[in-house]
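Engineer: The structure that follows is given in the form of structure tokens.
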Amino acid sequence: MSWDSPIVSCAWLADRLDDQMVRIVDTRWFLGEPGVGRLRYQKDHIPGAVFMDLDEDLAATEGPGRHPLPSREDFADLLGRNGIGNQHQVVVYDQGPGAIAARLWWMLRSVGHFSVSVLDGGYGKWLDKGHPIDSSEPLVTHCVFTVDTGPTRIVDRDRLLERLGSVQVLDAREPERYRGEIEPIDQVAGHIPTALPSPVAENVNPDGTFKSASALAARFAEMGLDPNLPVVSYCGSGVTACHNLMALQMAGFSEGILYPGSWSDWSSSGMPIATGPDPGSPPA
């Protein structure tokens, strides 16, 4: 297993719980249930894991969308306070199948840290396999994390609007939200014109583990994605969109582009929208 593989198995991590070079991060978070992830972490978690909350730790208080990216400096401070340095291998998990954990995977790569992986199948798979759990928070030795240049790419809403029709766009939300049949959070329903429906549930097997590289490549080929053209991924607020970026990398695509503000930014800014099952045409 490569130290910079996008995913690691529960067995791989179980063999390394005492490895001082490995840092484990619990990112469990549940839509519409603020604080529940932390409560579940306090009840039980993988031994040695620290907790990072999506709302409080992995998002800024100001910026486009519901979960703006924190500054590089604030993110580096968060990592250092949690004992994560440039020398560590980081394993991130959520309840499964990695839709929240992928956000931290992407963020670490954005500051040049490549030794980061998502636990395949998440905490649910860890429990299913009977691996040990703990309820005590680990003693953390603060360190310094130095940011570097990473391979990640982002786009804002104005630049994305200009590029619609020349860039491939993936929508990671549930199909009914894509079609505009329901919208439980944002005020406007629908999707970005030209976007293809690409719910993250289709990146994983029934047990929540990632599909194989060949299966992911076949999935994206069936969608009609051209690996030679840029791909932009978005979701509700720039979180689960990172799951598609992980899957694209595993399928052999070049680095995808994240729209951090995603639908929460697009739909609140008077941008053109499309509804129904079809992607729609680029705005005039």
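The values are calculated or read from the model by the stated rules, or taken from the named source; none is laboratory data. Everything quoted here is computed from the prediction, not taken from an experiment. Note that we place each Cβ from the backbone using ideal geometry, even for glycine, and neighbour counts take in every protein chain shown. With ligands, DNA and RNA removed, areas are computed over all heavy atoms of the protein, side chains included. Shrake-Rupley method; radii C 1.70, N 1.55, O 1.52, S 1.80 Å.
Engineer: List every residue pair whose Cβ atoms sit under 7 Å apart, with the two residues 6 or more apart in sequence or on different chains, where the first one lies in region 80-96 and is touching a residue at least 60 places away in the same chain (Cβ under 8 Å) and the second, anywhere, is part of a helix (DSSP H, G or I) and open to solvent by 30 Å² or more (accessible area, probe 1.4 Å).
Structural biologist: Gly96/Lys125
Engineer: State yes or no: is Val116 within 30 Å of Asp18 (Cα to Cα) and surrounded by fewer than 13 Cβ atoms within 10 Å (Cβ to Cβ)?
Structural biologist: Here the answer is no, as Val116 does not meet what is asked.
Engineer: Out of all the residues in region 122-137, which are out of contact with any His (no Cβ under 7 Å at 6 or more places or on another chain), within 23 Å of Trp12 (Cβ to Cβ), touching a residue at least 24 places away in the same chain (Cβ under 8 Å) and open to solvent by less than 80 Å² (accessible area, probe 1.4 Å)?
Structural biologist: Gly122, Tyr123, Gly124, Lys125, Trp126, His131, Pro132
Engineer: Counting just the residues of region 227-284 that are more than 23 Å from Glu176 (Cβ to Cβ) and free of Cβ contacts under 8 Å to residues at least 12 places away in the same chain, which one comes out surrounded by the fewest Cβ atoms within 10 Å (Cβ to Cβ)?
Structural biologist: Among residues in region 227-284 that are more than 23 Å from Glu176 (Cβ to Cβ) and free of Cβ contacts under 8 Å to residues at least 12 places away in the same chain, the one surrounded by the fewest Cβ atoms within 10 Å (Cβ to Cβ) is Ala284.
Engineer: Given Phe220, Phe253, which one is on the phi < 0 side of the Ramachandran plot, modelled with pLDDT of 95 or more, aromatic (Phe, Trp, Tyr) and in a helix (DSSP H, G or I)?
Structural biologist: Phe220
Engineer: Being in contact with a Ser or Thr (Cβ under 7 Å, 6 or more places away or on another chain) and either under 15 Å from Ser5 (Cα atoms) or not hydroxyl-bearing (Ser, Thr, Tyr) (or both) is the filter here; which residues of region 228-256 pass it?
Structural biologist: Cys235, Gly236, Gly238, Ala241, Asn244, Leu245, Glu255, Gly256
Engineer: Among the residues of region 178-210, write down those that are among the acidic types (Asp, Glu), assigned to a loop (DSSP other than H, G, I, E, B) and under 28 Å from Gly121 (Cα atoms).
Structural biologist: Glu183, Asp207
Engineer: Only one residue in Asp18, Asp57 is under 25 Å from Gln87 (Cα atoms), open to solvent by 80 Å² or more (accessible area, probe 1.4 Å) and either among the aliphatic types (A, V, I, L, M) or at pLDDT 95 or above (or both), so which one is that?
Structural biologist: Asp18
Engineer: Return a yes/no flag: does region 184-191 have any residue that is open to solvent by less than 60 Å² (accessible area, probe 1.4 Å), among the acidic types (Asp, Glu) and over 26 Å from Gly65 (Cβ atoms).
Structural biologist: no
Per-residue answers, yes or no, for (1) of a type in the set (A, V, I, L, M, F, W, C); (2) in contact with a Cys (Cβ under 7 Å, 6 or more places away or on another chain):
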position	(1), (2)
Asn86	no, no
Asp94	no, no
Ile100	yes, no
Gly112	no, no
Val118	yes, no
Gly122	no, no
Lys125	no, yes
Pro132	no, no
Ser135	no, no
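Engineer: Which is free of Cβ contacts under 8 Å to residues at least 60 places away in the same chain and either among the acidic types (Asp, Glu) or closer than 30 Å to Arg38 by Cβ (or both), of Val111, Val140?
Structural biologist: Checking each option against the conditions leaves just Val111.
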